[in-house]
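Read-outs: derived from the displayed coordinates by stated rules, not from any lab. What you see is a predicted model; the values in this text were computed from it and never measured. Glycine gets a Cβ as well: all are built from the backbone with ideal geometry, and neighbour counts include every protein chain shown.
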Amino acid sequence: MRATPLLAALIITALSTSPALAYRYQVCSALGDSKDIKLPSASLTLRSSPVSFPAGVWLDGLNNAISQFNKNPSPFRFSRVTDSGGVGRGNGQSEVWGSTDNSVLQGAPAIAYTYYDCYWFFGIHSNINEGDTVFDYRSPWQWTPTTTKSAISRYTGSLRLLQGTAVHEFGHVTGLKHENRFYNVMGSDFTHLDTNGSTVNAYVGEDTGSGLVDLYGLNGSGIQDLAVAHWRYLGTSGEYSTHARTRIFNTGGTELSKSTVGAEPRYNVTRGTSVKAEFTFENLGRSTQTNAPVKFYISSNDIISTADTLILTSSVTLSRDTPSTTTRTVNIPSGLAAATNFWLGVIISTPAGVGDGNSANNTSYIRIRTN
């Protein structure tokens, strides 16, 4: 969630939203001119509360969230120091802390406050001067800094991943708004995840990365990064996108029957038949990747690797703009054991000669059971 106090200005101008792009940010407009509302430079130091984020797993989780946010294709980077003078809103410092005060939280599990100028005085002035991120720390805590899947809501746990919501709120601090048209972290961040085996990771996402490039430019020496997830865009809930798990269809496009096992869908597939497997692919790096290899596997567990049984080699071309949720037709091997659980996995790689700077998000899966 975001709150946006406006600092005093000589002449307050109209606020509008960014044009029809794959992301949204706020614009300051006046006298036929406009300017993005963003931080004055491509770096910002966040000051974390030592009470809310003491040394150990909680501070490690916050540092991990900053690291994940910094893996974006723009030059924008956060750094962090421990706050020594006490945290608060409107004090000219960008801070991160936890609170139990609902007048601060406004009913949200977390909220970002941005303080900015928006006025015309011989030109438009529209800098963000302060960005604060506040988490709801009322008992029982709904957060976890651990990336273990069994702890996370939407899997078998009940907690929200701290890193995912932190990345969402940090997006607001840079000037980004909520987004409800695509699968993205500025929508429902708690279902914007990369998952393989027992590990769940938060990440910036493709259209959010493109928004940062629009606001702060392209990092010409930044990493290349392709990703795949078993989440997809579902619909709209106010300003937020909603997400659901990707699916498996028959060749006619009808979703196969499924059950829920361990809080995850398990599709019933017939050995020796073809199915269409759906996954969301993203380009999180600095440039378009042409004919990037995409390989599908059958695995005996949810840890997908090249040691599993390869069933299809394909490719995809991904530019950086919006996520691509697509299907590929794969053949379910006839030699698989009947009435047995397997995982239909996928691995995406950058093309030969192009390094992938974040291989942790290259793999995903959908659980199946053979007939």
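Distance between the C-alpha centres of segment 203-280 and segment 321-371: 12 Å, rounded to the whole angstrom. Using alpha carbons only, the radius of gyration of the chain set against its Kirkwood radius gives Rg/Rh = 1.00. Dimensions of segment 2-220 from C-alpha coordinates, computed as largest minus smallest value along each principal axis and given longest first, are 55, 36, 32 Å.
Put simply, when 200-211, 256-267 are sorted by average Cβ atoms within 10 angstrom per residue, most first, you get 200-211, 256-267. Karplus-based coupling profile of segment 95-100, in residue order and whole Hz: 10, 10, 7, x, 9, 10, with θ = phi - 60° in 6.51 cos²θ - 1.76 cosθ + 1.60 and x standing for Gly or Pro.
Rounded to whole numbers, the Karplus 3J(HN,Hα) couplings from phi for segment 26-43 are 8, 10, 9, 10, 6, 6, x, 10, 8, 8, 4, 9, 8, 5, x, 9, 8, 8 Hz, using 6.51 cos²θ - 1.76 cosθ + 1.60 with θ = phi - 60°, and x at Gly and Pro.
For the peptides 122-133, 298-309, residues were scored by their other Cβ atoms within 10 Å and the scores averaged per peptide; the highest-first order is 122-133, 298-309. In order along segment 257-265, the phi-based Karplus estimate (6.51 cos²θ - 1.76 cosθ + 1.60, θ = phi - 60°) of 3J(HN,Hα) comes to 5, 8, 10, 10, 10, x, 6, 10, x Hz; Gly and Pro are listed as x. Helix content alone sets the calculated 222 nm mean residue ellipticity of the chain: runs of n ≥ 4 DSSP H residues at -39500 (n - 2.57) each, divided across all residues, give -3500 deg cm²/dmol. Taking the three principal axes of the alpha carbon atoms in segment 228-358, the coordinate ranges are 44, 43, 28 Å, sorted in descending order.
Cα centroids of segment 92-157 and segment 168-193: 12 Å apart.
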